[in-house]
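Have a look at the structure below, then the notes.
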Amino acid sequence: MHARPLFAVAVLTLPLLLNSCSGKRFYAEVDGAGKITGQPCVEWKKPDKFVYVRGKNPSFSFKRPNGDTIRPGSIETDGGSIPRLLWSQKNFSPWTYAPAYLVHDWLYEAHRRKVPGGTDKAGREVHYTKEQADWIMAEVIKAQMEQPQFETRKSPSQLRRIYWAVSKFGKTAWNGEAHPVMDETTASMITDTLQNLPLLPALGSLKDELTPVPEKPAMEGSRSFKE
């Protein structure tokens, strides 16, 4: 009499067990030895839209286990693109893993702008692929989970779900349009330049200086970019 109920329980429980096992395997694959430095601050601009300004966050960066350093540039952000329905659930706030989401947003935006996402151990500029950007986000999340000062619950299944979501559904954002955001220092520098040079030549020269030359990246993180 109890065989069917037990079988039903096993069928319902198996997917949860499998998800837990796969989550642990994935968690073990991600290197969490990276270092998060500083505490990023963002500015509210309008509902659910914020701006991260590099000039006001001089100490925030992420040093990867391989020695690369990522210091996000100024960007528009909404934190993690978490469905609003889940915001009330524990650890599903768009800002639970804010350092990781800001690094990830920056790497996507750096690709769209065709500028380097970070620097390697030697200080050379590095470009990343989408796959690398998604994996780096996982590295930051695990670093946050592993380092006690961030008081973040360790959850292998959570890490796996977030990584799966961005790897499966992030292509549109990766290939979207760039949304440049100038920090106050850059904006001031450009204003001063335009005020001290003839307008049209200054605009042409400034455009040339600010437009990067695209070249092709390599899988391990390249120092050039090309579409």
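Details
- Counted residue by residue at 0.36 nm each, then reduced by the alpha carbon distance between them, the extension gain from ALA165 to GLU29 reaches 47.2 nm.
- Using a cutoff of 8 angstrom between alpha carbon atoms and counting only pairs six or more residues apart, the relative contact order for the range 29-174 works out to 23 percent.
- Approximating the spin labels as points 7 Å out from Cα along Cα→Cβ, the ASN175-to-GLU125 distance works out to 2.5 nm.
- Packing-based order for 114-121, 26-33, using average beta carbon neighbours within 10 Å, highest first: 114-121, 26-33
- Highest average packing first - 95-107, 123-135, Cβ atoms within 10 Å: 95-107, 123-135
- Mean Cβ neighbour count within 10 Å, used as a protection proxy, ranking 155-167, 34-46 highest first: 155-167, 34-46
- Principal axes of the range 29-174: Cα extent on each, largest first, Å: 42, 36, 30
Coordinate-derived values only; no laboratory data. Note that the coordinates shown come from a computational prediction; the quantities given were computed from them, not determined experimentally. Reconstructed Cβ throughout: ideal geometry from the backbone, glycine too, with neighbour counts over all protein chains shown.
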